[in-house]
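See below for the structure under consideration.
All of the numbers you see were taken from the coordinates with simple rules; none came from a lab. Nothing here was measured: the structure is a model prediction, and the numbers come from that model. Cβ sites come from the backbone with ideal geometry, for glycine too, and all protein chains shown count toward neighbours.
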Amino acid sequence: MATALAMPNIVRLLNSNLEELSAARKITTSGAPIMKQSAKEPEQAKKPKTEKEKYSAKKSKEEEAKAAPELNTSTT
């Protein structure tokens, strides 16, 4: 219809959308076996955090609380 109405920009948009949908279907189809295999594998245990990681996480939380105190719901 867009071609008949001489709307080349619309034709290009519709074609690119069809290409994206086709690519998404291909990715979903090829990814399904990978996801099934992954779901069968046991979850890996988390490694304990290093002191540096603990310090960094604490500082990040403190900075977030300072930046937006109204969003901080913890009572600590």
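Descriptive notes on the structure:
- Lysines with Cα under 20 Å of LYS61, excluding same-chain neighbours fewer than 8 positions away: LYS49, LYS52
- Cα gyration tensor, the chain - rounded (a/c under 1.5), prolate or oblate: oblate
- Summed residue charge, Cβ within 14 Å of TYR55's Cβ, Lys/Arg positive, Asp/Glu negative: +2
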